[in-house]
Amino acid sequence: MKKKLLSLLLATAMTASLAGCGGGGKSAADAMDEAQESAASGQEGQADQTQQESQAKTEPAGEGNGEAKELDTSERVDLVVYQLGDAPADEAKVEEKINEILLEKLNVTVDFQFTTWVDWQQKYSLQLTTGGVDLVYTANWSEYGKLASSGAFLPLDDLLNTVSPEMRKTLGEDALNQCRVNGELYTIPCNYLEYTCNGILYREDLREKYDLPAPNTVENIEAYLTGIKENEPEQQLLDVSGQENMGQVFNFKYPWVTFTGIPYGLSINYDTPTEVEDYWFSDDFTDDMKTMKKWADMGFWSRSALSNTPQEEALENGLAVMYFSGYNPAKAVGVKAKLEETHPDWKVEYIAFGETNGVIFPANRQTNGTAISKDCKDPERAMKVIELLLMDEELNHLAMGGIEGEHYELDENGIYQNLSDKFPYGGFNTWNLYNKDYWLSTETSAELNEMFAKYEELGAKTKFPNTDIFGGFTEDTSAYATEYSAVQNVCDQYLKPLQIGTVDDVDAAVAQFREKLKEAGIEACREGFKEQWLAYCEQYGYK
Amino acid sequence: MEERLERKIWGRKTGVVMTAAVSAIAFILSLPFVSWVKVVNISSLFPKIGISREAAADLYQGYSIFNLLDFVQKGGQGKIGLYAMILLMLLIAAWYFNLAYLWKAVRNKKRKDGDLGLYAAGRLAMLSVLLLAGASVGFVAFSNSRFGMKGFSASPVIYLLSVLCIMAYAVIKRMEKKERELYHEHGLLKEIRKNWVLFLMLVPTFVYFMINSYLPMVGIYYAFTNFNFRDGLWASPFVGMKNFEFLLKGDLFRLTRNTVLYNVAFILLGNVLQIIFAILVSQVSKKWFQKTSQTLMFMPYFVSFVLLKVLVYNLFEYDYGLVNNIVTSLGGDKIDFYNTPAYWPFLIVLFNLWKGIGYGMVVYLASIMGIDGELYEAAKVDGANVFHQIRYITLPLLKPTFIILLLYSLGGIMKGQFELFYQMVGNNGVLYNVTDIIDTYVYRITMTQPLSIGLGTAAGLYQSVFGFVIVVVTNWLIKRKNPQYALF
Amino acid sequence: MKVKISKSMIVFQCIAYVLLALGAVVCVAPFLIILSGSLTDDAIIIKEGYSILPRGFTLAAYETIFKVPGEILQAYKMTIFYTVVGTVLGLLMITLTAYVISRKEFKYRNQVSFLIYFTTLFGGGMIPWYLMYANVLNLKGSTFPIWFPGLMSPFLIILMRTFISESVPDAITESAKLDGAGHVTIFFRIILPVLGPGLATVGLFLALGYWNDWYRSSMFSVSQDTWELQFYLYNLLNASSSMKQMAQSANIAMTDIPTQSMKLAMAVVVTGPVLLFYPFVQRYFVSGITVGAVKG
């Protein structure tokens, strides 16, 4: 009995395994080959057919036939517009007014939703990932490039042609081309050109008082700060923290293609974009870091700066005499306006890096845009809504200023005067709806426009007149994602102390930094970046 | 029939032997060299789902559940990835139950409830295989609908196993029924009928955990994918263990060491301090002092880490900080706290203790309150002084609470107090070697990449598995010594 | 009758008083700094740092916070609503669950405990959790996802279970069962009355969890009406610093926000109400047992 059972079991096991086994080892490619051989003769005829089909399909993109298509507005659609920041107090009121008009024209309503200022980057990605929004604010500093190339937004070329050819004409091909990622257009830029170059904001009254040079070069900055320190030893000079990019000041020295630092310590000059040099492994870098250490030792900033959180209004509160990272003309003008109220005897001046190194350009058009998310309920009507909000004067003013008479009024010079803080200027944070044709000018915008005019003149003399060539470049790091993360980590840990000058021996620290970079795989990153950058330059003709 | 089943061969019941054999068969048949899913119509399938001739060279014509994910990865078929992973999980569960049953059948240890434990294990084993088989068939149907044509087919092994398992299940059920009558035990349905109130009480809890924890657990799948918007959350390409690479690149050993050491310090020192202070508070004679001091000690809980960071910076800053002011006025040199890693382990532990002491103390206070006052009276009569009372009454009675809290914290030993580290250290790279924990490292990396769902989930999974293993082992050890202290 | 105090007791009391006093000071000092800072002029804080006493006394920070009183009162209202509803419901659910898994006759209590604890170890992350409430249940914007997730936590369930098994010996429940009491009777008549400290502790933790939460408002709120207090303040604080760090064009409506003192005032505003009702809860777990506490 025992033996019988055993043999029965074994037999069952073997047959069962045979039934399933054997298939695991054979490659699928063989089956494909076999099938293809037998079908090869039948396929030739098919090949011709498919070729003809594909030829018929390719039409030149970008050419509209000039006529906007009539949209089917029989069903009402409720769209969600996702903006950054906070909702204004009178959100409901103004939204209602906007929807009145939109319902009439398109049978559509919009609901503005906001990320609030807490964890906004996380929420922004979250909403795009989980769906539920139709129109989205985009900006190149809000990961537009990465999100677009990953498919978060719908491609807009065809939609523009069919639904809003007028808008295409108004914005112009140049602006639209700057918003392309991998050749496809994913966002509609606003209709306003602005200069967001970086530069230095400093106390002019102190400079005059002690007859110091204007800090428009690295040496002059040192002279300026030393001068103030000698004369007012109690005055704190710079409020520095680990969050800032101290290396920006070297834009005075190098005419780089971008102010915020070229990735992976490479060096690319604006005039010669295809020549990709090295910065971090060069002697220039060691010298620059020694300068930083010298400044730190001279007491220009606190030794514990790395763990400091930046003081938001250090200069305005007398805790600093200079800002040199992240200040653009608009912010500078804002500070000036504020100081007029609080410290009228202080004067501040702004020097853009471009005034010294000759590289200046307006912001890339990707800075403020509106995109349509891939989960949009009705892309055609969404596109039309963008057109209306941007180009229809009444709607544009509603979105930007609120209800005239209640939230704002225009005085005798046509200057915007705010009437109620329930809806401040740009209340819905719709910087993507700036339209220079319907601009509600404010008191400070006159000064700002002056500065822009100055820069435009300067910019016209650069090699690629008034074009931000780096701003339109999106890097796809997926092939070397691990190395990318590792390199970021190394920078956090070893570069920042160098830049803030808290290391004891600069040469040793630089050597260690370079060592760690190599370990993290910076070569892979550089190779990948260089390849993509050169291809990009080739595509756009930046030689 | 039943007598035949009950007859013993090899010292065990026949029924058990037969069903154990089925278990063994199920185990063997699910091994990698047996294919459960066959790929058919390859020549028309592959072009349709986008697999080229070169890619096909890496693929097979038949897959076991083990290397199904391989097909998903190499063939770029992210949309069936989640289901394939679920199958793998079911397979591992089925293996566990079947091996457990085999083990029990082989050991043949008599327990106080007879063979009931064995039968329960047997039923679980058979059910798990049935579930696996059913899910596999479902997978084939699901994939075919995704492909838009018949691309997979279930191999006959699945059907064979199903039949065998159903038969084995019936056999076990029969035997179990008899055994149950012997021992006055009940099955699940009878249990529910008997204690239906208790089950009813658990319903809201069940709903809560399903919604809040168990259903979202599917998201663990993201740890193995490379998310992109086009494919969306459920169909992104499967990349296996690639997301875990970035953890390794970040010097995983150092991160793990930091995380574990800090947690050990927090847990041990924290609990000890809390116990000490709880005892002190409970013994102090003036009631108003008790209440006030306890309230005051609770205050740090309300100081958020954001605020704490600001205060601490003011204390330890190099030029103007309070501590350095005191040091220099006493004639010493200024201490550069923010650039010297050596101080920080102590400082961080200190801050954590400070913040948590009032909060944790409450638990121990409540426990002490529950101790019978008469015990102390009796002790006093016997001549024990305060210290003796604490040592022989209070501490032993606090032990269960302490152990449970300890065990509970062990599960989180790889997870850190992110806020604490992030705020205290900030972006100060100099201190990273000693203060970087897994959470802060992952945060820094994922902040720079908006598509990094996979990276974050992978790190979380690593922490979870580590903690899980530690807790299960420790709980099992404790259970053998003192079952009432165990967590589960 | 005068109880003779032994020498060891005196020593112990001294140690206790000293240590506790020290501990209390260390714990409360930073809070005093916060309080004084919230009443100090912002510019002075930036220049001179913090101190125990306010300088340049001003209520500017509180004014900013309460500038739109309607908003902050709404936030208070909502937070009280969440706290009360959440704590009561949560306490009930937790105690019931703890009761069930402490019953020896419940055959599956180990498995259930394991399943509950398992959720602290493994989780799918934030996104599927968010998807569950926002897409599957379609409740984004309602108050449900704000109070529901906070109802239970495995930690509190296990804590409560420990309390129950400590306070109520088996003998009592056994005899009650022999007398014919069902589970409900046992629960309400026998367990609950002696569970004072346990209920107070778990209730306190639950309530504090709700009171301090801001994350769920951040994730699920669509309109400001449902915001929690902490989130309202947190958002107010982040507004100015976020706007300043973002590289965008002229944003004229930058109001003068006293950020430093405001951060501190926020802490005071949030903590204040808690300190008011804390003493009520405190008496459940602070009481002198040397003075002959009789177990009720």
Other chains near B:31-43: what is the mean number of their Cβ atoms within 10 Å of each residue's Cβ? 5
Quick one: of B:K74/C:K140; A:K377/A:K436; B:K481/C:K107, which pairs are farther than 27 Å apart, Cα to Cα? B:K74/C:K140; A:K377/A:K436
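Relative to 2.2 N^0.38 Å, what does the C-alpha radius of gyration of segment A:65-173 come to as a ratio? Two decimals please. List each step's numbers first, then the result.
Details: Rg = 15.8 Å, N = 109, 2.2 N^0.38 = 13.1 Å.
Expressed relative to 2.2 N^0.38 Å, the Cα Rg reads 1.21.
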Classify segment B:307-402: rounded, prolate or oblate, from the alpha-carbon gyration tensor (a ≥ b ≥ c, eigenvalue square roots; a/c under 1.5 rounded; otherwise prolate if a/b is larger than b/c)? prolate
Separation between the B:K173 and B:R107 pseudo-spin-labels, each 7 Å from Cα along Cα→Cβ, expressed in nm? 2.8 nm
Cα centroid distance between segment C:164-221 and segment A:363-396, in Å? 55 Å
Segment A:111-121 - phi-based ³J(HN,Hα) in whole Hz, Karplus 6.51/-1.76/1.60, Gly and Pro as x: 10, 7, 10, 10, 7, 6, 8, 9, 6, 5, 5
Just to be sure I understand: if I project the alpha-carbon convex hull of segment B:363-435 onto a plane and average over all orientations, what area do I get in nm²? 7.3 nm²
Taking 7 Å along the Cα-to-C-beta vector as the label spot, tell me the A:H343-B:Y443 distance in nanometres, rounded to one decimal. 3.3 nm
Taking a crude spin-label model, label points 7 Å out from Cα along the C-beta direction, the C:K67 to C:V11 distance in nm is 6.1 nm
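From the helices alone, meaning DSSP H stretches of at least four residues, give me the mean residue ellipticity at 222 nm for chain B, per-run term -39500 (n - 2.57), in deg cm²/dmol to the nearest 500.
About -22000 deg cm²/dmol.
Would you kindly work out the equivalent ellipsoid of segment A:149-249 from its C-alpha gyration tensor and give its semi-axes, the square roots of five times the eigenvalues, largest first in whole Å? Walk me through the numbers before you get to the answer.
On the way: eigenvalues 469, 51, 21 Å².
Working through the eigenvalues yields semi-axes of 48, 16, 10 Å.
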Euclidean distance of C-alpha centroids, segment C:118-144 and segment B:4-72, integer Å: 35 Å
DSSP loop GluC sites (Glu not before Pro) in segment A:257-332 with at most 11 other Cβ atoms within 10 Å of their Cβ, which ones? A:E275
Averaged across A:240-253, how many Cβ atoms of other chains sit within 10 Å of each residue's Cβ atom? 1
Give the span of chain A's Cα atoms along each principal axis, as three whole-Å numbers ordered largest to smallest. 106, 68, 56
For peptide A:193-201, the mean count of other chain Cβ atoms within 10 Å per residue Cβ is 1
Given bins 5 angstrom wide, list per bin the percent of all Cα-Cα distances in segment C:29-109, short to long. 3, 13, 12, 10, 9, 11, 9, 8, 7, 6, 6, 4, 2, 0
Which whole-percent values make up P(r) of segment B:71-158 when all C-alpha to C-alpha distances are grouped in 10 Å steps starting at zero? 16, 36, 24, 15, 8, 1
By how many degrees, between 0 and 90 and to the nearest 10, does the Cα long axis of helix A:443-460 differ from the longest principal axis of chain A? 70 degrees
³J(HN,Hα) across segment C:128-143 via Karplus (A = 6.51, B = -1.76, C = 1.60, θ = phi - 60°), whole Hz, x for Gly/Pro? x, 4, 5, 4, 4, 7, 7, 9, 5, 8, 6, 10, 5, x, 8, 7
What per residue convex hull volume, in Å³, comes out for the protein assembly as shown when only alpha-carbon positions are used? 219 Å³
For C:G182, what charge total do you get from the other residues with a beta carbon under 15 Å from its beta carbon, if Lys and Arg give +1 and Asp and Glu give -1? +2
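For segment B:25-88, build the convex hull from the C-alpha positions and give me its volume per residue in Å³. Walk me through the numbers on the way to the answer.
Values: hull volume 4.9 nm³, N = 64.
Per-residue hull volume (Cα only) is 76 Å³.
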Please report the antiparallel percentage of DSSP beta bridges with both residues in the protein assembly as shown, rounded to the nearest 5. 75 percent
Kirkwood Rh (inverse of mean 1/r, distinct Cα pairs), segment A:479-534, angstrom: 11.9 Å
Among B:V425, B:T457, A:S302, pick out the residue whose Cα is farthest towards the positive end of the charge dipole of the protein assembly as shown, where Lys and Arg carry +1 and Asp and Glu carry -1 on C-beta, about the Cα centre. B:T457
Which three extents, in whole angstrom, do the alpha-carbon atoms of chain B cover along their principal axes, largest first? 86, 67, 38
Working from Cα positions, state the angle (0 to 90°, nearest 10) between the long axis of helix C:69-102 and the longest principal axis of chain C. 20 degrees
Using alpha-carbon coordinates alone, the radius of gyration and Dmax of chain C in Å work out to 24.6, 81
Binning every alpha carbon pair distance of segment C:59-102 at 5 Å from zero, what are the percents per bin? 5, 20, 13, 13, 11, 10, 8, 8, 6, 4, 1
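Note down the Stokes-Einstein diffusion coefficient of segment A:379-482 in µm²/s, whole number, using a Kirkwood radius over alpha carbon pairs, 37 °C, and 0.692 mPa s. Don't jump to the answer; show the numbers that get you there.
Working: Rh = 16.8 Å.
Taking Rh from Cα pairs, D becomes 196 µm²/s.
Taking the Cβ of C:T97 as the center, what net charge do the other residues with Cβ under 13 Å away carry, scoring Lys and Arg +1 and Asp and Glu -1? Mind showing how you got there, number by number?
On the way: positive: C:R103, C:R109, C:R161; negative: none.
With Lys, Arg at +1 and Asp, Glu at -1, the neighbours total +3.
Taking the radius of gyration and the Kirkwood hydrodynamic radius from Cα positions alone, what is the Rg/Rh ratio for segment C:25-183, to two decimal places? Display every interim value, and only then the final one.
On the way: Rg = 24.1 Å, Rh = 20.8 Å.
Expressed as Rg/Rh, it is 1.16.
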B:W234 to B:A141: FRET efficiency via 1/(1 + (r/R0)^6), r the Cβ-Cβ distance, R0 25 Å, to the nearest 0.05? 0.90
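I'd like the per residue volume of the convex hull spanned by the Cα atoms of segment C:134-207, given in cubic angstrom. Don't jump to the answer; show the numbers that get you there.
Details: hull volume 9.0 nm³, N = 74.
Convex hull volume per residue, Cα atoms: 122 Å³.
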Amide H neighbours of A:D111 at under 5 Å, excluding residues fewer than 5 places away on the same chain, with H built from the backbone geometry, are A:L79, A:V80, A:V81
Once the other residues with Cβ under 11 Å from the Cβ of A:K294 are scored (Lys, Arg +1; Asp, Glu -1), what is the net sum? -2
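I'd like the Kirkwood hydrodynamic radius of segment B:277-360, using the inverse of the mean 1/r over distinct C-alpha pairs, in Å.
Working: mean 1/r = 0.0669 Å⁻¹.
In segment B:277-360 this quantity evaluates to 15.0 Å.
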Sites matching chymotrypsin sites (Phe, Trp or Tyr not before Pro) across segment B:303-408 that sit in DSSP coil, with at most 14 neighbouring C-beta atoms within 10 Å: B:Y320
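With the convex hull built on the Cα atoms of segment A:399-543, state its orientation-averaged projected area in nm². Present the calculation step by step, with values, prior to reporting the outcome.
Details: hull surface 58.1 nm².
The orientation-averaged projected area of the Cα hull of segment A:399-543 comes to 14.5 nm².
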For an R0 of 56 angstrom, estimate the FRET efficiency from the Cβ-Cβ distance between C:L92 and A:S74 and round to the nearest 0.05. 0.65
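Scaled to the compact-protein estimate 2.2 N^0.38 Å, what is the alpha-carbon radius of gyration of segment C:78-131, rounded to two decimal places? Numbers along the way, then the final one.
On the way: Rg = 14.9 Å, N = 54, 2.2 N^0.38 = 10.0 Å.
Cα Rg divided by the expected 2.2 N^0.38 Å: 1.49.
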For the pairs A:K209/A:K229; A:K253/A:K496; B:K173/C:K104; A:K146/A:K169, flag any whose C-alpha to C-alpha distance is greater than 18 Å. A:K253/A:K496; B:K173/C:K104; A:K146/A:K169
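Quick note: the coordinates plus some simple rules give every number you see, no bench work behind them. Note that the structure is a prediction, hence the values are computed from the model and not measured. Neighbour counts run over all protein chains shown; Cβ positions are idealised from the backbone, glycine included.
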